[in-house]
Structures are given as C-alpha cells and as structure tokens.
Amino acid sequence: MEGFFIPVLFIIFFFISGIRIIRPTSRGLIERLGKYNRFANLGFNWVIPLVENVYIVNITEQLVNAETQEIITNDNLNAKVDAQVYFKVRPDEESVKNCQYNVGNYQYQIVNLARTTLRNIIGTMTLKSANSERGRINTDLHSILERETASWGLEIVRTELKEIDPPKDVQETMNKVVKAENEKIAAIDFATATETAADGQKRAEIKKAEGIKQARILAAEGESEAIRLVNEAADRYFVGNAQLLRRLETVEKALSQNTKIVVPINSELVNVIGDLAGGIVPIKKG
C-alpha cells in the first residue's frame, strides 16, 4: 500500500508543478527545451515540469520615460528635452513572439530610440519653433517610433513631450522678447481703438455739420420764397405807386390827428385816394 501511495503523490506533485494560470493582462510563450512550442492563452495551461517553461508577457499599456537630455537646436542653443512614450504589446501570438524574439529588452530599446529620434527632430528646428510646435514634434516622434517598432510586436499608443527648457539666460531673453511683443500688440490695439473712436467722432461731426448746412439751406430757401412772394405782390399791386403811397400815408397820419387839409379837387393825390379808398368828396372853393 505504501509503495502505491508514493507514486500517486509523485504524480500529483508533478501535475500541480506544471500548472500555469495566465491572467487577462498577460499572454505566455511556452518553450520546450529552449525552443518555442506553443502559445499560452488565458486561464489554465499545463506545461511539462523541467522540460517546458512559460514566459509571461504583459500586454497592458506601459510607460517609459525618455529621460532628460540636452539637444542643440538649429540656432545653436542648448535645450533640455524630456519625453514620455506610452506603448503596449499587441495580444496576438505573432506580436507576443516578436517582442521576445525580435528585440532584446524592448523597454530599453524604446527609450534609446525615442532619445535619438528627438535629437534628430529638434536638431533641425530653432528653439522658438520647437517650443511653439510641440504638437508637431509629438506627431513626428509617434510616427517614427510606430514605424521603427513595427517588427517588435508593439503598438505605440502616444508620445508626450514633457518639457523643452532653454538655458536660464536664454529663457530670460525670450521672456523679455515675449513681453515686448505683448506690449507692442497692446499699443497697436490701443492705437486702433483710439483711431476708431476718432473716426467715429469725425463722422458724427460731419453729419452734424451737414445737418446744420441743410437747415440753413432750407431756411434760406424759405426766406427767398417769402421775398419772392412779397416782390410778386409789390409788382402786382404797387408798381409805379410808391410815391403816391407815401403821400397817402402822410394824409392818413394827418387825419388821425384831426388836422384839416384842403386838397385841390384836381390834385393827383385825391385821385389816388379815390382809387384806393373808394372815392372822396371834393372840397369846393368859395
């Protein structure tokens, strides 16, 4: 009985020691005597102890820091550059095999590739353009890493340029330039606003002057029309009678003061009064 129990324990131990559980965040490669044999999927897997080995590969998104480095820009300025790369191993069998058999330590390789790529990209740019075109640098870095790591079974999720720091004295100069440019823009905006206000006031004054001019023209036209009507009336009723009208006014004033005036019957003034007043009885002599 004891001789039977020992082999059973050995078989149980042998079976248990060969159990491998693969979590959803990983995939596995099973090698037999140093040679790739099969792909370990999720869940339960069994390998032959001492003969087969399982190499677990993480397929979740990972982050590597490209580490800070000094890069000489196209305008011969030193800049401290730091970037991060987010990547993951594709979960299919071929990609998992490639990340293990086509490249050694792909995390380290990505870091060095990212550093070299950044030097090539930023080295062709001025410091000012590098600071203002970070999106372009990220896009170019991502594109190059994606292309270069295609045979590694990796997916470059995204790249992020963390910082581009120039030397302290250069940064101070750049700050002064930016401040001067901002002040210039503010001065231009103020001048434009002032010019716009002045132009508006000028147009208002012109409209006001035009209104006054038009009013004066209308008033002059009114006065001219009134004079024209008076002249027409004078021409119609009093042409050639101005002196006679003056004499009549003299008689009217004398009569209003009860002054007795003897007017010859054949006098021209009597005739005028008669014409204008409807007739006067003549005063006879004797």
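Please treat every number below as a calculation from the coordinates, not as lab data. None of the values given here were measured: they were computed from a predicted structure. Positions of Cβ are generated from backbone atoms using ideal geometry, with glycine treated the same way; all protein chains shown enter the neighbour counts.
Points worth noting:
- Whole-Å distance, taken between Cα centres, linking segment 91-118 and segment 12-56: 23 Å
- In this structure, the pairs whose alpha-carbon distance is over 27 Å, taken from Lys80/Lys176; Lys35/Lys88; Lys162/Lys184; Lys128/Lys184, are Lys162/Lys184.
- Near Ala209: Cβ cut-off under 14 Å, other residues only, Lys/Arg at +1 and Asp/Glu at -1. The net charge is +4.
- Stokes-Einstein diffusion for segment 90-213, with the hydrodynamic radius set to the Kirkwood value over Cα pairs and evaluated at 4 °C in a medium of 1.567 mPa s, equals 66 µm²/s.
- Long-range amide H partners of Lys162 with built H, under 5 Å: Asp82, Ala83, Gln84
- Between amide H atoms placed 1.01 Å from N, distances below 5 Å from Thr126 occur with Asn74, all of them 5 or more places distant or on a separate chain.
- Most to least packed among 26-34, 13-21 [average Cβ atoms within 10 Å]: 26-34, 13-21
- One chain, two ends: Asn65 and Glu93. Fully extended at 0.36 nm per residue, the span grows by 7.4 nm beyond their Cα-Cα distance.
- The slack in the chain from Ile185 to Tyr36, taken as 0.36 nm per residue of separation less the alpha-carbon distance, amounts to 46.9 nm.
- Within the shell defined by Cβ-Cβ distances under 9 Å, the residues around Asn58 carry a net charge of +2, with Lys and Arg each +1 and Asp and Glu each -1.
- Separation in nanometres of the label points that stand 7 Å from Cα toward Cβ, at Ile206 and Ile72: 6.1 nm
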